[in-house]
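Read through the structure below, which is laid out as C-alpha cells, and then see the notes.
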Amino acid sequence: QSTGAFFHCIYTMGAEPSKIIVPVLIGTVFVFVLCSVCVYKNCGKKEEDHHHQPTWSVFHHSLRRTRPKDSDPFKQKNYLFYKGEIDFEPDGDYVDAVHEKWFGKYDLLECHHGYIQWLFPIFESAGMSWSSEPLGKEEAKLIRDDLILSVRFLKSYKLFLDFLGLELIDFKTGEINRNAIWKPRYENLNLKSHNNLRISRVLMSLGELGFERYKIPLVKHFKKEILKNNLLQNCQRSLQEYWIPLTRPDDPGYKKKTKEEPADREESIFFKHLEDDSLEFQKILPSLMSYGSTNTQARNTQPEDDDDYLSNDDSE
C-alpha cells in the first residue's frame, strides 16, 4: 500500500514512474554501501570520538530502537546472563564460556559490538545491541548481593582490562598497572576511539554493580599515562570530559548521566567476603587469581587518598 501511495504521488506531480525507479534503486544501493563502510570504519580506522555521535552512531541508534515485539525490560536478562542461564546475542555465548574463550582474543573483542553491553550492563542504555536491555535496579542489587555473580563480573573486568593493556593488581583497592603486552594494546586504544565509549560504560557499570571503589584507580591510571607520560594522547578529551566526571557522584551531571541514586552504589558482597576471608571466598579465590594469568593480590590494603588527584587541575 505504501508503494502504491508513493507512485500515486509521483503521478500527481506529473513524473513517470519508469524514470523514478532507477534513481530510487541507485539511492538504496548507495545507502547500503555507505552503512557498510561506516561499520568497517567503526571496527578499524580512526574516527571522531564516539562520545560526540558521528553520523553512523546516530543512524545505528535509530536501528537499535526497533526491538523484537517480545522484548520485555522486566525479564532481568542481565541477571540471568550473569547467572549463566542465558547466552547473549548476537553471535555470543554464555558468560563462563566468554571468560574462557574470549580472553586475549583482541580482534574479536575489537570488532564484536554486542558483548560489551552484556558484560557491563548499565541503567542508562542497552547500547548498540538490540538484544540487550538496560540494567534494572532490582537485578543490579541481585548481582551485587551474590558472590558468584560478582566474581563473574570481576572476571569480565579483568578480561576488558587485558584488552586495554592493563591488569588488576589488588582486589581490595582496584589498583591496576600495565600488563606485559601493553604497548600494542595502547596503540590500539589510541587509534580506535570507539573504545573510549566502552571505557565510559565500564566505569558506570563498576559503580552500579558494586565496584565503585575501582573507578578512581582506573581513571587515575589513565590520567597518569595521558598527562604525565604523554601516552594515549587521543584519549585526553574523553578523560577530561567523561571519565573524570564519572568519578564524581556529587557533580550535577553525574546522576543525569548514570541514573544512579546513592542506594545504587552499595558495595558488592565480594568485599565483605574478602575482608572476612570467608570459606566461600577461599574456594573461589584460586580461580579468580589465576584467571588471565595475572598477579592480582587479595591483600587488605587501604586505598590511597585520591581526593586531589582527580581535581580540575590537570597540570599534575
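General remarks:
- Counting protein heavy atoms only, the stretch 90-217 has 55 percent of its accessible area on carbon and sulfur, 1.4 angstrom probe.
- Accessible-area ranking of TYR106, TYR254, largest first, probe 1.4 Å: TYR106, TYR254
- Approximate spin-label separation ILE26-GLN233, in nm, with each point projected 7 Å along Cα-to-Cβ: 4.4
- Extending 7 Å from the Cα toward the beta-carbon at both ARG178 and ASP277 defines two label points whose distance is 3.4 nm.
- Ligands, DNA and RNA aside, MET289 has an accessible area near 60 Å² when probed at 1.4 Å.
- A 1.4 Å probe over all protein chains sorts CYS235, CYS111 by accessible area into CYS111, CYS235, starting with the largest.
- Here ARG248 sits with roughly 60 square angstrom of accessible surface, probe radius 1.4 Å.
- What the pair-distance distribution of the stretch 215-277 shows, using all Cα-Cα distances binned every 10 Å from zero, is 19, 36, 29, 15, 0 percent.
- Distance histogram in 10 Å bins (all Cα pairs of the stretch 128-176, percent per bin): 22, 40, 34, 4
- Cα centroid separation, the stretch 144-158 to the stretch 237-288 (Å): 11
- Accessible area (Å², 1.4 Å probe, nearest 10) - TRP102: 20
- Rolling a 1.4 Å probe across the protein heavy atoms gives the stretch 69-187 an accessible surface of 40 Å² per residue.
- Annotation: average projected area of the stretch 120-237 is 7.5 square nanometres, based on the convex hull of Cα atoms across all directions.
- Using a simple spin-label model with pseudo-atoms 7 Å out from Cα toward Cβ, GLU85 and ASP251 lie 3.6 nm apart.
- Once the Cβ-Cβ distance of GLU138 and GLU267 is raised to the sixth power relative to R0 = 22 Å, the FRET efficiency obtained is 0.80.
The values are calculated or read from the model by the stated rules, or taken from the named source; none is laboratory data. The model shown is predicted, which means the values in this text are computed figures rather than measured ones. Quick reminder, even Gly has a Cβ in these numbers, built from the backbone with ideal geometry, and neighbours come from all protein chains shown. The accessibility values were calculated without ligands, DNA or RNA, using every heavy atom of the protein model including side chains. Shrake-Rupley method; radii C 1.70, N 1.55, O 1.52, S 1.80 Å.
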